[in-house]
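Everything on this sheet refers to the single structure shown next.
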C-alpha cells in the first residue's frame with residue numbers, strides 16, 4: 001500500500017467556502033416541496049412514570065400537522081448502536097431529563113416548537129440515581145465490570161519503600177459542535193427514503209433507520225457532504241434525530257426536517273464520561289513505580305451506548321507513556337438517570353491518562369523531585385520495559401526523544417527557576433509550569449470496525465472522481481485524500497473531485513472516529529487506484545512500448561517519451577480499458593481478546609509532549625495561560641497546515657475540558673449548563689499569545705499506512721494536561737511547594753480557589 005513520500009501544504013479544500021458562508025451543510029440544502037418540520041417534546045424530570053398525556057391543545061395549534069409517538073413506530077423503538085436501551089420515544093417510563101416522549105410535526109420549526117409547549121403531561125416523579133457513588137452502592141451498571149491484571153500488584157505495593165493513595169475526578173464535556181443535530185428525510189419512490197444527516201456514521205444511520213421503519217437496509221440512502229463538527233457527538237447520538245424525521249416522513253409521505261436548538265441539543269445528547277479514580281501506588285526512592293491498584297468508575301448515563309469500548313480504552317491508556325510492572329485495575333460502568341454519555345475525542349483515553357499523570361505528579365511531590373524527571377524515570381524503554389499491561393509490544397517508541405527535545409527547546413529548566421523566583425516575591429499572583437507526554441494508540445479497539453471502502457473514477461478528460469466512507473467534519477479529510485489521489489496520478493489537486501459520502505456508493509463503512517479515518521479511507525483510496533493502474537499500466541506498456549512508467553505533473557513519463565495524462569486516458573477508453581475501481585482496506589495486525597482485553601488493539605502509537613506556563617490569582621482563582629510549547633509526532637505529514645490546525649484545535653479543546661467546561665446538574669438530575677451562557681468553552685482570549693507548535697521532524701510511521709503519516713485527530717487533546725499540572729504547580733507554590741494540591745478537573749476558578757484555601761489550612 002505504501003506510496004512515495006509527499007508533503008503538500010495546500011489549503012483546506014473548503015476553507016474559502018467556510019469563511020464566506022458558501023459551504024453547504026444539512027440545513028443549507030435546498031428544501032423540497034411540501035417540507036414539514038419537527039420538534040421534540042422531552043421529559044422535564046429525570047425519573048418517573050407518565051400517568052397522562054393530553055395533546056388536544058397541541059393539535060389545535062397553528063401549523064400543526066401531526067404528533068408522532070411510540071405507537072407510530074413500525075419497527076424497533078430503539079437506536080442503540082450495539083446494546084439496546086436507547087428508546088426513541090417513551091410512553092410510560094421516564095429514565096432521564098431530556099428523554100423524548102413525542103414529536104410535533106408542523107409547517108415550520110417555529111410553529112412546531114411553540115405547539116409542543118402546550119402538551120399536558122402528568123408525571124409521577126421517582127427518586128433517581130445520579131452519582132457514580134450511588135450507582136456503585138446500588139450496584140447499578142450498564143455493563144459488567146472489567147478487571148485487568150499484570151504481575152502481583154498487592155505484594156509489589158506492600159514491599160515498596162514508598163506508598164501513596166488518592167482519589168480524583170475528571171468531569172464530563174459537551175461536544176459543543178458548531179452545527180447542531182439535524183436530519184432531513186425525503187420519501188422516494190417504492191417506499192425508499194433519502195436522508196441528509198449531520199452524522200459521523202452514515203452506514204449505521206442507514207441500518208438503524210431501516211430497523212426503526214421495519215425495512216431493508218437497501219431502501220435507505222444516507223448522504224453527507226460535510227458536518228459542522230462532531231468530536232464523537234455525532235457518532236451515535238445523531239441516530240435519534242434521523243430516526244424521528246424518518247418515522248414522520250414515512251407516516252405522512254412528506255419530507256420532514258428536524259433541527260434542534262442549542263439548549264435542547266445540550267439537554268438531549270450525551271457528553272464525555274465523567275470518571276472517578278481511587279488508586280494505591282508503591283514506588284522506590286527515585287520515583288519508579290513498582291505496583292499500582294486502581295478502581296475507576298464512569299458515569300455512563302441510562303444506557304450502554306458506546307460505554308463499553310470507551311471504558312476499555314480508558315483501561316488501555318491508564319499507562320500513558322509509562323511502564324507499570326504490576327497492575328490491578330477494576331473498571332465499573334455505572335448506570336444513572338442521566339442521558340447516555342457517548343464518544344468524545346479521545347474516547348476514554350484522556351480520562352485514563354489523566355489518572356496516571358496525577359499519580360506521577362503525586363509521586364514527584366512525595367519524593368521531592370522535579371515531576372519531569374519522574375516521568376522520564378518511568379517511561380517505556382526501547383529494548384526493555386516495552387510491553388504494555390495488555391501485552392502489546394511497543395515497537396515505535398520515540399517519547400524520550402520528543403520529551404527531551406521539547407524540554408531543551410522550551411527552556412523548561414530556566415523558566416522553572418524564573419517562575420520560582422517570581423513566586424517567592426509575589427504573594428497574590430503565582431505562576432506554574434509543567435511538561436507532560438502523550439502516547440496514544442491508534443485504531444478502533446473493536447476489531448471489525450477497522451475497515452473502509454472507496455470508489456475512484458477516471459473520466460475521459462483525465463479528471464478524477466473520488467468517493468469514500470469517511471466524513472469531512474472540518475478536520476481536512478477530503479483535502480488529505482485528494483492529495484493522496486493527486487500524488488498517485490501525478491496530477492494537481494484541482495483535478496480531483498470528491499463528492500458527498502453516500503451509502504449507495506460505498507457500503508458498510510465505519511464511523512469517522514478513533515483517529516483512524518485518514519488511515520482507513522486513504523488505504524482504500526490507494527487500493528482502488530492500485531486496481532486501476534494494474535490494467536492501465538499494462539495498456540501503457542504495450543501501447544507506447546515502454547517498461548518504466550512515472551506519473552508526474554499531469555504527464556506520464558515512459559522511458560524517453562512524455563505523454564499527456566488526459567490523452568493516455570482518452571486512448572485507454574477507446575481501447576476498452578477499465579478506468580474505475582472500488583478499493584478496500586483493513587487494518588493489519590489487530591487482534592484483541594475481548595474477555596481480558598489482551599492482545600494488540602492498536603496498529604501504532606502517536607506521540608507528543610507539551611510545556612504550559614500559567615499564572616493564577618490566589619484571591620479569585622482566575623488563571624491565564626501564558627505560553628504553550630508543543631512537539632507532536634505526525635509521522636510523514638500529508639499536509640502540515642491541516643496537521644498544525646488539528647494540533648492547535650485539539651489542544652484548545654483539551655484545555656476546555658480540563659479548565660473551564662463544567663457540566664452542572666441540580667439535585668433532581670436536571671442539567672443546568674445547557675447554553676453558552678452557562679457553559680464556558682475556551683475563547684480567543686484563552687489561547688496564549690505564545691503558542692509554539694512544532695511537528696516532530698524525524699517522524700515516520702513504522703507501519704505501512706498512507707504516506708507513512710500518523711493521525712492528528714485525538715492525540716493532541718491530551719497535550720492540554722500540561723496546563724492542568726501547571727495550575728497545580730502554581731497552587732503548590734502557595735505552600736512553598738511543600739504540599740500537593742487537591743484538584744479535580746475541570747480546574748475552574750472556583751475549584752482553584754477551593755484548592756488554594758485547602759492548601760492554606762495548615
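The values are calculated or read from the model by the stated rules, or taken from the named source; none is laboratory data. Because the structure is a prediction, the values reported are computed rather than measured. Every residue, glycine as well, gets a Cβ built from its backbone with ideal geometry; the counts of neighbours run over all protein chains shown.
The rows are residues; the columns are (1) surrounded by 14 or more Cβ atoms within 10 Å (Cβ to Cβ); (2) under 30 Å from residue 594 (Cα atoms).
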| site | (1), (2) |
| --- | --- |
| 94 | yes, no |
| 102 | yes, no |
| 105 | yes, no |
| 132 | yes, yes |
| 159 | no, no |
| 177 | yes, no |
| 181 | yes, no |
| 190 | no, no |
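For region 232-255, the tally of residues that are out of contact with any helix residue (DSSP H, G or I) (no Cβ under 7 Å at 6 or more places or on another chain) and farther than 18 Å from residue 71 by Cα stands at 7. Reported count of residues in region 529-550, each being in contact with a strand residue (DSSP E or B) (Cβ under 6 Å, 6 or more places away or on another chain) and either more than 16 Å from residue 490 (Cα to Cα) or modelled with pLDDT under 95 (or both), is 3. When the helices (runs of 4 or more DSSP H) confined to region 87-186 are screened for residues that are over 30 Å from residue 748 (Cβ atoms) and within 33 Å of the chain's Cα centre (by Cα), those reaching at least 2 such residues are found at 109-116.
When residue 655 is tested against (1) outside any helix (DSSP H, G or I); (2) in contact with a helix residue (DSSP H, G or I) (Cβ under 7 Å, 6 or more places away or on another chain), just one condition goes unmet, and that condition is (1). Checking the stated criteria, residue 391 turns out not to satisfy the condition of being touching a strand residue (DSSP E or B) at 6+ places or on another chain (Cβ under 8 Å) and not in a loop (DSSP other than H, G, I, E, B).
To keep it simple, each residue is scored yes or no on (1) out of contact with any helix residue (DSSP H, G or I) (no Cβ under 6 Å at 6 or more places or on another chain); (2) farther than 30 Å from residue 29 by Cβ.
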{"residue": "78", "(1), (2)": "yes, no"}
{"residue": "98", "(1), (2)": "no, no"}
{"residue": "101", "(1), (2)": "yes, no"}
{"residue": "110", "(1), (2)": "yes, no"}
{"residue": "150", "(1), (2)": "yes, yes"}
{"residue": "153", "(1), (2)": "yes, yes"}
{"residue": "169", "(1), (2)": "yes, yes"}
{"residue": "194", "(1), (2)": "yes, no"}
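Evaluate region 566-576: report whether one residue or more is at pLDDT below 95 and in contact with a strand residue (DSSP E or B) (Cβ under 7 Å, 6 or more places away or on another chain). Looking for residues that are at pLDDT below 95 and in contact with a strand residue (DSSP E or B) (Cβ under 7 Å, 6 or more places away or on another chain), one finds none in region 566-576, hence no.
Do we find that residue 734 is closer than 29 Å to residue 317 by Cα and not assigned by TED's automatic domain parsing to the domain that holds residue 483 in this structure? So residue 734 fails the test.
Any residue at all in region 234-243 that is in contact with a strand residue (DSSP E or B) (Cβ under 9 Å, 6 or more places away or on another chain), under 29 Å from residue 607 (Cα atoms) and touching a residue at least 12 places away in the same chain (Cβ under 8 Å)? Yes.
Taken residue by residue, region 410-430 has no member that is within 30 Å of the chain's Cα centre (by Cα), outside the structural domain of residue 226 (by TED's automatic domain parsing) and surrounded by fewer than 17 Cβ atoms within 10 Å (Cβ to Cβ). Taking the criterion of being assigned to a helix (DSSP H, G or I) and either within 16 Å of the chain's Cα centre (by Cα) or surrounded by fewer than 24 Cβ atoms within 10 Å (Cβ to Cβ) (or both), the residues of region 205-239 that qualify are 207, 210, 211, 213, 217, 218, 219. Just give me the residues in region 681-692 being within 19 Å of residue 178 (Cα to Cα) and touching a residue at least 40 places away in the same chain (Cβ under 8 Å), in sequence order. Answer for region 681-692, where residues must be within 19 Å of residue 178 (Cα to Cα) and touching a residue at least 40 places away in the same chain (Cβ under 8 Å): 681, 686, 687.
Every listed requirement among (1) touching a helix residue (DSSP H, G or I) at 6+ places or on another chain (Cβ under 9 Å); (2) over 22 Å from residue 421 (Cα atoms) is met by residue 731 save one, (2).
Within region 693-715, does at least one residue satisfy the condition of being closer than 23 Å to residue 361 by Cα, surrounded by fewer than 24 Cβ atoms within 10 Å (Cβ to Cβ) and free of Cβ contacts under 8 Å to residues at least 40 places away in the same chain? Within region 693-715, none of the residues are closer than 23 Å to residue 361 by Cα, surrounded by fewer than 24 Cβ atoms within 10 Å (Cβ to Cβ) and free of Cβ contacts under 8 Å to residues at least 40 places away in the same chain. Residue 754 satisfies every condition listed in (1) in contact with a helix residue (DSSP H, G or I) (Cβ under 8 Å, 6 or more places away or on another chain); (2) more than 30 Å from residue 474 (Cβ to Cβ) except (1).
Looking at region 623-633, is at least one residue assigned to a loop (DSSP other than H, G, I, E, B) and surrounded by fewer than 16 Cβ atoms within 10 Å (Cβ to Cβ)? No, region 623-633 has no match at all. Considering 648, 613, the condition of being within 18 Å of residue 692 (Cβ to Cβ), outside any loop (DSSP other than H, G, I, E, B) and over 23 Å from the mean Cα position of the chain (by Cα) is satisfied by 613 alone. Residue 426 meets each of the listed conditions (1) touching a residue at least 24 places away in the same chain (Cβ under 8 Å); (2) over 29 Å from residue 294 (Cα atoms) apart from (1). In this structure, residue 687 does not satisfy being modelled with pLDDT of 95 or more and more than 23 Å from the chain's Cα centre (by Cα).
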